[in-house]
1. Which one is least open to solvent (accessible area, probe 1.4 Å) among residues in the stretch 167-210 that are more than 30 Å from Ala148 (Cβ to Cβ) and assigned to a helix (DSSP H, G or I)?
2. Please enumerate the residues belonging to the stretch 219-257 that are surrounded by fewer than 22 Cβ atoms within 10 Å (Cβ to Cβ), part of a helix (DSSP H, G or I) and small (Gly, Ala, Ser).
3. In this structure, is Ala263 under 22 Å from Gly172 (Cα atoms), at pLDDT 50 or above and not in a loop (DSSP other than H, G, I, E, B)?
4. Tell me, please, whether a residue that is within 21 Å of the chain's Cα centre (by Cα) and of a type outside the set (A, V, I, L, M) can be found in the stretch 20-32.
5. So, Ala2, is that one part of a helix (DSSP H, G or I) and open to solvent by 20 Å² or more (accessible area, probe 1.4 Å) or not?
6. Does the stretch 7-44 hold any residues that are part of a loop (DSSP other than H, G, I, E, B), among the acidic types (Asp, Glu) and either within 24 Å of Ile99 (Cα to Cα) or open to solvent by less than 60 Å² (accessible area, probe 1.4 Å) (or both), and which are they?
7. May I ask you to list pairs of residues, at least six apart or on different chains, whose Cβ atoms are under 6 Å apart, with the first in the stretch 3-29 being on the phi > 0 side of the Ramachandran plot and the second being open to solvent by 30 Å² or more (accessible area, probe 1.4 Å) and of a type in the set (Ser, Thr, Tyr)?
8. Please work out which residue is surrounded by the fewest Cβ atoms within 10 Å (Cβ to Cβ), limiting yourself to the stretch 54-65 and to residues that are at pLDDT 95 or above and assigned to a loop (DSSP other than H, G, I, E, B).
Amino acid sequence: MALSLDPEIAQALAPMAGAMADATPPAVGDIAARRAMWEPIIGAAGTAQPIPDDVKTSEHHTTADDGARITLRWYTKDGAAPGPAVLFFHGGGYIFGHIDLFDGPVSRYVSASGVPMLSVEYRRAPEHPFPAPLEDAYSALRWLHAHAAELGVDRDRIGVMGDSAGGGMAAGLTILARERGGPKIARQILIMPMLDDRTTTPDSHIAPYLLWSYDDSLTAWPALLGEAAGGPGVPARLEDATGLPPAYIEVGQLDVFRDEDAAYATKLSRAGVPVEFHLHPGAPHESTPSPSPPTSPAAPSPTASASSNPSQPPPSALTPCHRRGMQALHTGGPPPLPAATESLGHRHEHTEAPRGRAGIASRRMCIDGRETAGLHESCPAPDPHLTDL
(Lines give C-alpha, C1' and ligand atoms only; values in the text may rest on other atoms or scores of the structure.)
Protein backbone atom coordinates (compact mmCIF):
# COMPACT_ATOMS: atom_id res chain seq x y z
CA MET A 1 0.00 0.00 0.00
CA ALA A 2 1.41 3.36 -1.05
CA LEU A 3 1.88 5.85 1.75
CA SER A 4 0.52 9.36 1.54
CA LEU A 5 -0.02 12.36 3.76
CA ASP A 6 -3.55 12.67 5.15
CA PRO A 7 -5.17 15.44 3.03
CA GLU A 8 -6.52 17.29 6.06
CA ILE A 9 -3.11 17.20 7.71
CA ALA A 10 -1.56 18.43 4.46
CA GLN A 11 -3.98 21.37 4.40
CA ALA A 12 -3.31 22.20 8.04
CA LEU A 13 0.44 22.04 7.55
CA ALA A 14 0.43 24.00 4.28
CA PRO A 15 1.44 27.35 5.84
CA MET A 16 4.33 25.68 7.65
CA ALA A 17 5.38 23.82 4.53
CA GLY A 18 5.28 27.03 2.53
CA ALA A 19 7.41 28.86 5.05
CA MET A 20 9.95 26.04 5.07
CA ALA A 21 10.01 25.41 1.32
CA ASP A 22 12.82 27.85 0.60
CA ALA A 23 14.75 27.20 3.79
CA THR A 24 17.94 25.18 3.72
CA PRO A 25 17.69 22.29 6.17
CA PRO A 26 20.19 22.64 9.01
CA ALA A 27 23.29 20.52 8.73
CA VAL A 28 23.75 17.50 10.96
CA GLY A 29 24.99 18.72 14.32
CA ASP A 30 23.78 22.32 13.91
CA ILE A 31 21.67 22.74 17.02
CA ALA A 32 21.57 26.52 16.97
CA ALA A 33 19.99 26.51 13.51
CA ARG A 34 17.37 24.00 14.62
CA ARG A 35 16.45 26.12 17.61
CA ALA A 36 16.19 29.21 15.40
CA MET A 37 13.98 27.38 12.89
CA TRP A 38 11.69 25.31 15.14
CA GLU A 39 11.01 27.43 18.19
CA PRO A 40 9.12 30.16 16.27
CA ILE A 41 7.09 27.46 14.50
CA ILE A 42 6.21 25.73 17.76
CA GLY A 43 5.26 29.06 19.33
CA ALA A 44 3.04 30.03 16.42
CA ALA A 45 1.36 26.63 16.33
CA GLY A 46 0.72 26.77 20.06
CA THR A 47 -1.18 30.05 19.80
CA ALA A 48 -3.01 29.28 16.54
CA GLN A 49 -6.03 28.15 18.56
CA PRO A 50 -7.68 30.16 21.34
CA ILE A 51 -6.10 30.00 24.78
CA PRO A 52 -8.84 28.87 27.21
CA ASP A 53 -9.86 31.51 29.72
CA ASP A 54 -10.94 28.91 32.29
CA VAL A 55 -7.35 27.77 32.99
CA LYS A 56 -5.11 29.50 35.51
CA THR A 57 -1.36 29.08 35.97
CA SER A 58 1.06 29.54 38.83
CA GLU A 59 4.85 29.35 38.94
CA HIS A 60 6.79 27.03 41.24
CA HIS A 61 10.37 25.83 41.51
CA THR A 62 12.28 22.83 42.71
CA THR A 63 15.96 21.97 42.98
CA ALA A 64 17.64 19.07 41.25
CA ASP A 65 20.20 16.97 43.09
CA ASP A 66 23.05 18.89 41.44
CA GLY A 67 21.63 22.21 42.71
CA ALA A 68 20.00 23.36 39.47
CA ARG A 69 16.79 25.39 39.92
CA ILE A 70 13.93 23.90 37.87
CA THR A 71 10.89 25.97 36.90
CA LEU A 72 7.48 24.28 37.15
CA ARG A 73 4.22 25.71 35.80
CA TRP A 74 0.95 24.50 37.34
CA TYR A 75 -2.21 24.63 35.19
CA THR A 76 -5.66 24.22 36.73
CA LYS A 77 -9.17 24.54 35.37
CA ASP A 78 -11.64 26.76 37.20
CA GLY A 79 -13.99 24.69 39.31
CA ALA A 80 -12.20 21.38 38.75
CA ALA A 81 -12.61 18.92 41.61
CA PRO A 82 -9.54 17.59 43.42
CA GLY A 83 -8.23 14.31 42.08
CA PRO A 84 -5.70 13.28 39.43
CA ALA A 85 -2.86 15.30 37.92
CA VAL A 86 -0.38 15.00 35.08
CA LEU A 87 3.32 15.81 34.98
CA PHE A 88 3.91 17.16 31.46
CA PHE A 89 7.13 17.29 29.40
CA HIS A 90 7.31 19.32 26.21
CA GLY A 91 8.79 18.20 22.91
CA GLY A 92 11.80 19.54 21.07
CA GLY A 93 14.13 16.64 20.33
CA TYR A 94 15.81 17.14 23.73
CA ILE A 95 17.64 20.12 22.18
CA PHE A 96 15.05 22.91 21.81
CA GLY A 97 11.75 24.15 23.19
CA HIS A 98 10.69 25.47 26.59
CA ILE A 99 7.49 25.58 28.61
CA ASP A 100 6.39 29.04 27.40
CA LEU A 101 6.03 27.69 23.86
CA PHE A 102 3.60 25.03 25.09
CA ASP A 103 1.28 27.23 27.15
CA GLY A 104 -1.43 26.91 24.51
CA PRO A 105 -1.46 23.12 24.12
CA VAL A 106 -1.16 22.46 27.85
CA SER A 107 -3.95 24.93 28.65
CA ARG A 108 -6.19 23.26 26.09
CA TYR A 109 -5.41 19.81 27.50
CA VAL A 110 -6.39 21.04 30.98
CA SER A 111 -9.50 22.87 29.80
CA ALA A 112 -10.76 19.89 27.81
CA SER A 113 -9.99 17.19 30.37
CA GLY A 114 -10.30 18.98 33.72
CA VAL A 115 -7.04 17.31 34.79
CA PRO A 116 -4.44 19.78 36.14
CA MET A 117 -0.93 19.63 34.73
CA LEU A 118 2.52 20.51 35.96
CA SER A 119 4.76 21.48 33.02
CA VAL A 120 8.49 21.06 33.59
CA GLU A 121 11.28 23.32 32.28
CA TYR A 122 13.82 20.53 32.11
CA ARG A 123 17.34 21.33 30.98
CA ARG A 124 18.26 20.72 27.35
CA ALA A 125 21.13 19.04 25.58
CA PRO A 126 23.91 19.51 24.60
CA GLU A 127 24.54 22.02 27.37
CA HIS A 128 23.01 19.55 29.82
CA PRO A 129 23.31 16.00 28.47
CA PHE A 130 21.85 12.81 29.92
CA PRO A 131 21.10 12.20 32.74
CA ALA A 132 20.51 15.87 33.69
CA PRO A 133 17.12 16.25 31.90
CA LEU A 134 15.83 13.01 33.37
CA GLU A 135 17.02 13.98 36.86
CA ASP A 136 15.09 17.25 36.44
CA ALA A 137 12.02 15.18 35.61
CA TYR A 138 12.51 13.05 38.70
CA SER A 139 12.87 16.15 40.88
CA ALA A 140 9.60 17.48 39.46
CA LEU A 141 7.84 14.18 40.21
CA ARG A 142 9.05 14.27 43.80
CA TRP A 143 7.92 17.90 44.11
CA LEU A 144 4.42 17.07 42.85
CA HIS A 145 4.10 14.17 45.27
CA ALA A 146 5.37 16.32 48.16
CA HIS A 147 2.89 19.12 47.40
CA ALA A 148 -0.04 16.91 46.37
CA ALA A 149 -2.18 17.68 49.41
CA GLU A 150 -2.00 21.45 49.04
CA LEU A 151 -2.68 21.19 45.30
CA GLY A 152 -5.67 18.89 45.76
CA VAL A 153 -3.95 15.98 44.01
CA ASP A 154 -4.45 12.30 44.71
CA ARG A 155 -0.92 10.85 44.88
CA ASP A 156 -2.22 7.54 43.60
CA ARG A 157 -3.46 9.16 40.36
CA ILE A 158 -0.47 11.08 39.08
CA GLY A 159 0.32 10.39 35.43
CA VAL A 160 3.23 11.44 33.25
CA MET A 161 2.76 12.71 29.71
CA GLY A 162 4.81 14.18 26.91
CA ASP A 163 5.08 14.57 23.17
CA SER A 164 8.14 13.67 21.09
CA ALA A 165 11.18 14.16 23.34
CA GLY A 166 8.71 14.82 26.15
CA GLY A 167 7.25 11.38 25.55
CA GLY A 168 10.72 9.94 25.87
CA MET A 169 11.16 11.88 29.11
CA ALA A 170 7.88 10.51 30.46
CA ALA A 171 8.80 6.94 29.55
CA GLY A 172 12.29 7.31 30.98
CA LEU A 173 10.86 8.73 34.19
CA THR A 174 8.61 5.72 34.73
CA ILE A 175 11.66 3.47 34.46
CA LEU A 176 13.73 5.63 36.81
CA ALA A 177 10.94 5.85 39.39
CA ARG A 178 10.55 2.08 39.32
CA GLU A 179 14.29 1.61 39.82
CA ARG A 180 14.31 4.01 42.78
CA GLY A 181 11.18 2.65 44.40
CA GLY A 182 8.94 5.65 43.67
CA PRO A 183 7.28 8.08 43.75
CA LYS A 184 4.31 6.26 42.29
CA ILE A 185 3.25 6.91 38.70
CA ALA A 186 -0.27 5.79 37.77
CA ARG A 187 -0.06 5.99 33.98
CA GLN A 188 2.22 7.03 31.13
CA ILE A 189 0.73 8.91 28.18
CA LEU A 190 3.24 8.99 25.31
CA ILE A 191 2.45 11.08 22.23
CA MET A 192 4.69 10.28 19.22
CA PRO A 193 7.44 9.55 21.77
CA MET A 194 11.14 9.78 20.96
CA LEU A 195 12.29 6.52 22.52
CA ASP A 196 15.10 5.04 20.44
CA ASP A 197 18.48 6.39 19.32
CA ARG A 198 18.63 3.86 16.50
CA THR A 199 16.13 5.78 14.32
CA THR A 200 18.83 7.15 12.03
CA THR A 201 18.65 4.87 8.97
CA PRO A 202 16.46 6.51 6.30
CA ASP A 203 13.27 4.79 5.14
CA SER A 204 12.66 5.93 1.56
CA HIS A 205 8.92 5.27 1.86
CA ILE A 206 8.33 7.91 4.53
CA ALA A 207 11.27 10.26 3.83
CA PRO A 208 9.23 12.57 1.54
CA TYR A 209 6.74 13.29 4.33
CA LEU A 210 9.05 13.87 7.27
CA LEU A 211 9.09 17.04 9.32
CA TRP A 212 11.41 15.58 11.96
CA SER A 213 14.14 14.12 9.74
CA TYR A 214 16.81 11.49 10.08
CA ASP A 215 19.38 14.31 10.14
CA ASP A 216 17.49 15.73 13.12
CA SER A 217 17.81 12.40 14.90
CA LEU A 218 21.49 12.23 13.99
CA THR A 219 21.85 15.61 15.67
CA ALA A 220 19.64 15.19 18.72
CA TRP A 221 20.60 11.78 20.06
CA PRO A 222 24.39 12.38 20.19
CA ALA A 223 23.72 15.78 21.79
CA LEU A 224 21.67 14.12 24.53
CA LEU A 225 23.61 10.90 25.07
CA GLY A 226 27.21 11.66 24.16
CA GLU A 227 29.28 8.77 25.46
CA ALA A 228 26.12 7.16 26.90
CA ALA A 229 24.83 6.35 23.39
CA GLY A 230 23.64 2.78 23.12
CA GLY A 231 23.27 2.44 26.86
CA PRO A 232 20.33 1.94 29.24
CA GLY A 233 19.43 5.65 29.25
CA VAL A 234 17.26 5.09 26.15
CA PRO A 235 13.77 3.76 26.97
CA ALA A 236 13.66 1.47 23.93
CA ARG A 237 16.72 -0.39 25.25
CA LEU A 238 14.84 -1.38 28.37
CA GLU A 239 15.31 -5.09 29.01
CA ASP A 240 12.70 -5.69 31.73
CA ALA A 241 9.44 -3.72 31.65
CA THR A 242 7.88 -5.53 34.59
CA GLY A 243 6.09 -3.28 37.03
CA LEU A 244 5.87 -0.18 34.83
CA PRO A 245 2.57 1.75 34.83
CA PRO A 246 -0.12 1.25 32.17
CA ALA A 247 0.76 2.98 28.92
CA TYR A 248 -1.13 4.92 26.29
CA ILE A 249 0.96 5.45 23.12
CA GLU A 250 0.12 7.12 19.84
CA VAL A 251 2.27 7.72 16.78
CA GLY A 252 1.91 8.78 13.15
CA GLN A 253 2.26 6.34 10.27
CA LEU A 254 4.78 8.70 8.63
CA ASP A 255 6.91 9.14 11.73
CA VAL A 256 10.61 8.29 12.05
CA PHE A 257 9.82 6.73 15.44
CA ARG A 258 6.82 4.64 14.33
CA ASP A 259 8.29 1.14 14.33
CA GLU A 260 10.35 1.67 17.48
CA ASP A 261 7.31 3.02 19.35
CA ALA A 262 5.29 -0.03 18.33
CA ALA A 263 8.13 -2.32 19.42
CA TYR A 264 8.28 -0.56 22.79
CA ALA A 265 4.53 -0.99 23.24
CA THR A 266 4.88 -4.68 22.51
CA LYS A 267 7.78 -4.99 24.97
CA LEU A 268 5.63 -3.45 27.70
CA SER A 269 2.74 -5.74 26.88
CA ARG A 270 4.86 -8.89 26.99
CA ALA A 271 5.88 -7.87 30.51
CA GLY A 272 2.21 -7.72 31.53
CA VAL A 273 1.87 -3.92 31.34
CA PRO A 274 -1.55 -2.83 29.99
CA VAL A 275 -0.99 -0.89 26.75
CA GLU A 276 -3.22 1.01 24.37
CA PHE A 277 -1.49 1.83 21.09
CA HIS A 278 -2.79 4.12 18.33
CA LEU A 279 -1.44 4.48 14.81
CA HIS A 280 -2.58 7.56 12.87
CA PRO A 281 -2.59 6.86 9.10
CA GLY A 282 -1.07 9.60 6.97
CA ALA A 283 0.32 11.52 9.94
CA PRO A 284 3.93 12.70 10.22
CA HIS A 285 5.78 13.23 13.49
CA GLU A 286 4.89 16.87 14.11
CA SER A 287 1.13 16.83 13.49
CA THR A 288 0.66 20.28 14.97
CA PRO A 289 -2.11 22.62 13.82
CA SER A 290 -1.40 25.32 11.27
CA PRO A 291 0.32 28.41 12.69
CA SER A 292 -2.18 30.56 10.84
CA PRO A 293 -4.68 32.32 13.14
CA PRO A 294 -8.29 31.12 13.19
CA THR A 295 -10.36 32.49 10.36
CA SER A 296 -13.28 33.07 12.68
CA PRO A 297 -13.54 33.78 16.41
CA ALA A 298 -16.13 31.03 16.66
CA ALA A 299 -14.16 27.85 17.22
CA PRO A 300 -15.72 24.57 16.03
CA SER A 301 -17.36 22.35 18.60
CA PRO A 302 -15.23 19.47 19.90
CA THR A 303 -17.89 17.12 18.57
CA ALA A 304 -18.06 18.71 15.12
CA SER A 305 -16.43 17.07 12.14
CA ALA A 306 -13.11 18.64 11.25
CA SER A 307 -14.08 18.57 7.60
CA SER A 308 -16.19 21.69 8.17
CA ASN A 309 -13.03 23.62 9.00
CA PRO A 310 -10.13 21.25 8.37
CA SER A 311 -7.36 23.76 9.01
CA GLN A 312 -8.56 24.37 12.56
CA PRO A 313 -8.85 21.35 14.85
CA PRO A 314 -11.19 21.54 17.82
CA PRO A 315 -9.86 23.97 20.43
CA SER A 316 -9.31 21.16 22.88
CA ALA A 317 -6.39 19.92 20.75
CA LEU A 318 -7.39 16.47 21.96
CA THR A 319 -8.15 13.63 19.60
CA PRO A 320 -10.72 11.12 20.83
CA CYS A 321 -7.69 8.98 21.64
CA HIS A 322 -6.12 11.74 23.71
CA ARG A 323 -9.30 12.11 25.71
CA ARG A 324 -9.40 8.40 26.42
CA GLY A 325 -5.81 8.51 27.59
CA MET A 326 -6.62 11.36 29.96
CA GLN A 327 -9.88 9.76 31.11
CA ALA A 328 -7.96 6.97 32.78
CA LEU A 329 -6.89 9.46 35.44
CA HIS A 330 -10.49 10.48 36.15
CA THR A 331 -13.15 8.96 38.29
CA GLY A 332 -15.88 10.04 35.94
CA GLY A 333 -13.85 11.25 32.99
CA PRO A 334 -14.58 13.95 30.43
CA PRO A 335 -17.86 14.06 28.48
CA PRO A 336 -18.74 10.79 26.71
CA LEU A 337 -17.31 10.26 23.25
CA PRO A 338 -19.33 9.09 20.25
CA ALA A 339 -20.25 5.44 20.16
CA ALA A 340 -17.53 4.70 17.60
CA THR A 341 -14.86 5.46 20.19
CA GLU A 342 -16.48 4.16 23.34
CA SER A 343 -15.23 0.58 23.26
CA LEU A 344 -11.65 0.39 24.45
CA GLY A 345 -11.81 -3.33 23.84
CA HIS A 346 -11.76 -3.20 20.05
CA ARG A 347 -9.36 -2.22 17.34
CA HIS A 348 -11.05 -0.02 14.80
CA GLU A 349 -10.82 3.15 12.78
CA HIS A 350 -12.45 6.31 14.11
CA THR A 351 -14.33 6.76 10.88
CA GLU A 352 -17.25 8.70 12.36
CA ALA A 353 -15.64 10.10 15.47
CA PRO A 354 -14.60 13.74 15.70
CA ARG A 355 -11.16 14.20 14.27
CA GLY A 356 -8.63 16.05 16.34
CA ARG A 357 -5.19 17.31 15.50
CA ALA A 358 -5.62 18.45 11.93
CA GLY A 359 -8.20 15.78 11.15
CA ILE A 360 -6.24 12.63 11.83
CA ALA A 361 -8.23 9.46 11.46
CA SER A 362 -6.98 6.93 13.98
CA ARG A 363 -6.53 3.20 14.15
CA ARG A 364 -6.39 1.62 17.56
CA MET A 365 -4.38 -1.48 18.36
CA CYS A 366 -5.06 -2.91 21.82
CA ILE A 367 -2.04 -4.92 22.85
CA ASP A 368 -3.02 -7.64 25.25
CA GLY A 369 0.19 -9.58 25.90
CA ARG A 370 -0.13 -11.87 22.91
CA GLU A 371 1.71 -11.78 19.61
CA THR A 372 -0.01 -9.27 17.35
CA ALA A 373 0.50 -8.85 13.63
CA GLY A 374 -0.73 -5.55 12.34
CA LEU A 375 -4.20 -4.25 13.05
CA HIS A 376 -6.97 -6.76 13.79
CA GLU A 377 -10.69 -6.50 13.99
CA SER A 378 -11.15 -7.11 17.68
CA CYS A 379 -9.37 -7.76 20.93
CA PRO A 380 -10.37 -8.74 24.46
CA ALA A 381 -12.03 -6.39 26.88
CA PRO A 382 -9.52 -3.93 28.33
CA ASP A 383 -7.71 -4.46 31.57
CA PRO A 384 -9.65 -2.50 34.22
CA HIS A 385 -6.50 -0.55 35.03
CA LEU A 386 -6.98 1.28 31.75
CA THR A 387 -10.30 2.78 32.76
CA ASP A 388 -10.67 2.63 36.52
CA LEU A 389 -7.78 4.66 37.91
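1. So in the stretch 167-210, the residues more than 30 Å from Ala148 (Cβ to Cβ) come out as 196-210.
If we keep only those that are assigned to a helix (DSSP H, G or I) too, we end up with 207-209.
Values: Ala207: 47, Pro208: 99, Tyr209: 65 Å².
Looking at the filtered set, the residue picked out is Ala207.
2. Answer for the stretch 219-257, where residues must be surrounded by fewer than 22 Cβ atoms within 10 Å (Cβ to Cβ), part of a helix (DSSP H, G or I) and small (Gly, Ala, Ser): Ala223, Gly226, Ala228, Ala236.
3. So Ala263 passes the test.
4. Just the residues of the stretch 20-32 that are within 21 Å of the chain's Cα centre (by Cα), to begin with: none.
No, the conditions are met nowhere in the stretch 20-32.
5. Values: part of a helix (DSSP H, G or I): no; open to solvent by 20 Å² or more (accessible area, probe 1.4 Å): yes.
Judged against the criteria, Ala2 is not a match.
6. To start, the set of residues in the stretch 7-44 that are part of a loop (DSSP other than H, G, I, E, B) comprises 22-30.
The next check asks that each one be among the acidic types (Asp, Glu); those that pass are 22, 30.
Asp30 - this is the single residue of the stretch 7-44 that is part of a loop (DSSP other than H, G, I, E, B), among the acidic types (Asp, Glu) and either within 24 Å of Ile99 (Cα to Cα) or open to solvent by less than 60 Å² (accessible area, probe 1.4 Å) (or both).
7. From residues that are on the phi > 0 side of the Ramachandran plot, there are no pairs.
8. Asp54
The values are calculated or read from the model by the stated rules, or taken from the named source; none is laboratory data. Here the structure is a predicted model, which means the values were calculated and not measured. Cβ: placed from backbone, ideal geometry, glycine included. Neighbour counts: every protein chain shown. These area figures cover heavy atoms from the full protein model, side chains too; ligands, DNA and RNA do not enter into them. Shrake-Rupley method; radii C 1.70, N 1.55, O 1.52, S 1.80 Å.
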